[in-house]
Amino acid sequence: MKVFVTGATGWVGSALVAELIGAGYQVTGLSRTAEKAAVLARAGARVLQGTLDDHDLLREAAGASDAVIHTAFNHDFSRFAANAAQDRRAIEVLGSALQGSQRPLLVTSGVALVAPGRLALESDLPPTHADFPRRSEAAAIALAEGGVRAASVRLAPSVHGLGDHGFMAILAGLAREKGVSAYLGEGRNRWPGVHVLDAARLYRLALESGVSERAYHAIADEGVAFKAIAEVIGRQLGLPVESRGREHFGWFADFAGADMPASSAHTRQVTGWTPSGPGFLEDIDQAGYFP
């Protein structure tokens, strides 16, 4: 089976490429730079050098594949709205190449604003309010309504593992800058987590189970108190742990205060996925996690 993967050299994408190749799939990966293309080639994938704005290239690669997995996203939060629009257009292009076939498309989204304050379920619809411009899942739903076999994999806000450069790295950097590992209020708001290798395996299992669902949840830990996360960061960095106001977190305050527990019970039932990697707190509480 030939699978085209965007974001193939990214944090989740590189783990996914290794997972697919290890399971016998032929993988073509999209890479923005020659340097990253070389890494991808060494992993055993066919390399396609380009960006999400190269629509003809995306359409051609998707059309030549048996399945497409879209993990690419530009995480420059200073240009979030523009990056969200780029993401949506790329998904629409990929879907257009699969129109009229049963070849699946898996796109990547998150659980952050799906059901704030309560346990998010796979059956919940994605957020559509104007202050959150990312529309990856909405684009996948529109494609599915148009006959494309499209679905979303919703990632936890922390896809953890050694080498993590996501939200945990942002929090560690903020703690170093401010001299304190902080949480908002009482720190009871909850963050779900998943190990990067478990997340990669879910994409494969979703393909192999027929992409029968609208959304899959890559969630191992349903909800870890943010204060507990701050305590681990403080311990690893040798910094005090304190409650601070929103101004401490700056642009990251909404994320730091978000209460976003999520379930993956249905995902596990329909795919047979069982996370086996270390848990959220266990994983980040190891020497070298925050270099």
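Here residue 72 does not qualify as touching a residue at least 24 places away in the same chain (Cβ under 8 Å), among the aliphatic types (A, V, I, L, M), within 24 Å of residue 134 (Cβ to Cβ) and surrounded by fewer than 16 Cβ atoms within 10 Å (Cβ to Cβ).
Considering only residues that are among the hydroxyl-bearing types (Ser, Thr, Tyr), closer than 19 Å to residue 53 by Cβ and either in contact with a Gly (Cβ under 6 Å, 6 or more places away or on another chain) or not in a loop (DSSP other than H, G, I, E, B) (or both), which ones fall in the range 1-19? Reasoning before the result, please.
The first filter runs over the range 1-19 and keeps only residues among the hydroxyl-bearing types (Ser, Thr, Tyr), leaving 6, 9, 14.
When the remaining residues are screened for being closer than 19 Å to residue 53 by Cβ, the result is 6, 9.
Residue satisfying the conditions is 6 alone.
Only a single item in (1) in contact with a Gly (Cβ under 6 Å, 6 or more places away or on another chain); (2) outside the structural domain of residue 132 (by TED's automatic domain parsing); (3) of a type outside the set (Phe, Trp, Tyr) is not met by residue 172, and it is number (1).
Conditions (1) over 26 Å from residue 195 (Cβ atoms); (2) surrounded by fewer than 24 Cβ atoms within 10 Å (Cβ to Cβ), marked per residue:
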position: 2; (1), (2): yes, yes
position: 19; (1), (2): no, yes
position: 23; (1), (2): no, yes
position: 27; (1), (2): no, no
position: 33; (1), (2): yes, yes
position: 38; (1), (2): yes, yes
position: 42; (1), (2): no, yes
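Kindly state which helices (runs of 4 or more DSSP H) lie completely within the range 239-278 and contain at least 2 residues that are crowded, with 16+ Cβ neighbours inside 10 Å and not aromatic (Phe, Trp, Tyr).
Numbers: elements: 246-249, 253-256, 265-271.
The helices (runs of 4 or more DSSP H) meeting that bar are 265-271.
All told, residue 90 falls short of being within 19 Å of residue 9 (Cα to Cα), in contact with a Phe, Trp or Tyr (Cβ under 7 Å, 6 or more places away or on another chain) and buried (at least 22 other Cβ atoms within 10 Å of the Cβ). How do the pairs read when you match residues in the range 215-243 that are more than 13 Å from residue 180 (Cβ to Cβ) with residues anywhere that are modelled with pLDDT of 95 or more and among the acidic types (Asp, Glu), using Cβ under 6 Å and keeping only pairs 6 or more apart or on different chains? Every condition considered, the pairs that remain are 215/122; 217/122; 220/198; 232/285.
Here residue 15 clears all of (1) farther than 18 Å from residue 196 by Cα; (2) among the hydrophobic types (A, V, I, L, M, F, W, C); (3) crowded, with 18+ Cβ neighbours inside 10 Å except the condition numbered (1). Considering (1) in a helix (DSSP H, G or I); (2) more than 19 Å from the chain's Cα centre (by Cα); (3) of a type outside the set (Asp, Glu); (4) at pLDDT below 95, the lone condition that residue 138 does not fulfil carries the number (2).
Among the residues making up the range 99-130, those that are over 17 Å from the mean Cα position of the chain (by Cα), under 13 Å from residue 151 (Cα atoms) and at pLDDT 95 or above are 103, 104, 123.
A single member of 223, 234, 193 is more than 15 Å from residue 108 (Cβ to Cβ) and surrounded by 24 or more Cβ atoms within 10 Å (Cβ to Cβ), and it is 193.
Scanning the range 86-130 for residues that are under 23 Å from residue 52 (Cα atoms), assigned to a loop (DSSP other than H, G, I, E, B) and of a type in the set (D, E, K, R) returns a single hit, 103.
The values are calculated or read from the model by the stated rules, or taken from the named source; none is laboratory data. Keep in mind it's a predicted model, so treat the numbers as computed, not measured. Backbone-built Cβ (ideal geometry, glycine too); neighbour counts: all protein chains shown.
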